[in-house]
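Where a number appears in this text, it was derived from the coordinates with a stated rule and is not lab data. Note that the structure is predicted; figures quoted are calculated from it, not measured. Glycine gets a Cβ as well: all are built from the backbone with ideal geometry, and neighbour counts include every protein chain shown.
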Amino acid sequence: MINEEIKRFYKEEYAIGLKALEMINQHYQIKLPNDEASSIAFHLINASEGSELNDSVKIMQGVNDILAIVETDLGTKLNEESLDYSRFIIHLKFFMKKVLFNVGFTDNSVNNVIYSELIRENELLVNCMAHIKKYIEQKYSYTPSSEDCLYLMIHIVKIKSIQ
């Protein structure tokens, strides 16, 4: 499972892992399995983010779970090749780091107004956010702020609008 998540969420690092694997295979005249590219990529991810192995796995798992919630609640398969999807993944990675390290911040009143307006207008989005919040609260004991939810909702609306 982690190999697929690395391929989806860390495409650049995975491409480097494939290139490194190709070089190793050529130099040593061996044929290592392609899954080794994910292992190489994983080391790059941990080194570049300065995180522990376990933290990276938790981040990928959280991102994957939130994507599954969004796809299920919106009844759509997200286009993994779109720029908006890539931006959403980046935001989800940062969001999961906040969740894991419990880095909250105070809500901005302007953002609260925008958040209130968005949830008033879209029941499908409200249900999706409720599922994401419940997942985060239950699994990570972290309560997303309305600002967290606002940024997630903006990305979800953008992705949904281009489907």
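What ranking of ASP35, ASP73, ASP148 emerges when the number of other C-beta atoms within 10 Å of each C-beta is taken as an exposure proxy, fewest first?
Working: ASP35 12, ASP73 18, ASP148 24.
Ordered by Cβ neighbours within 10 Å, fewest first: ASP35, ASP73, ASP148.
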Discussion item. Going through the cross-link list LYS31/LYS139; LYS98/LYS158; LYS19/LYS133; LYS19/LYS58, which pairs have a Cα-Cα distance over 32 Å in this structure?
Written reply: LYS31/LYS139; LYS19/LYS133
Response to the item:
So GLU121 and ASN102, fully extended at 0.36 nm per residue minus their Cα-Cα distance, gain in nm 3.9 nm
Worksheet item: What order do you get for 40-46, 141-147 when each peptide is scored by the mean count of other beta carbon atoms within 10 Å, highest first?
Response: 40-46, 141-147
Discussion item. Expected output is a single nm value to one decimal: the length gained when fully extending between LYS19 and LYS31, i.e. 0.36 nm times separation in residues minus the C-alpha distance. What is it?
Written reply: 3.0 nm
Discussion item. Can you give me the distance in nm between label points at SER161 and ALA68, each placed 7 Å from the Cα along the Cα-to-Cβ direction?
Written reply: 2.9
Discussion item. I need ARG120, ARG8 ordered by Cβ neighbour count within 10 Å, fewest first.
Written reply: ARG120, ARG8
Worksheet item: Roughly what would the spin-label model give for PHE94 and SER82, points 7 Å off Cα along C-beta, in nm?
Response: 2.0
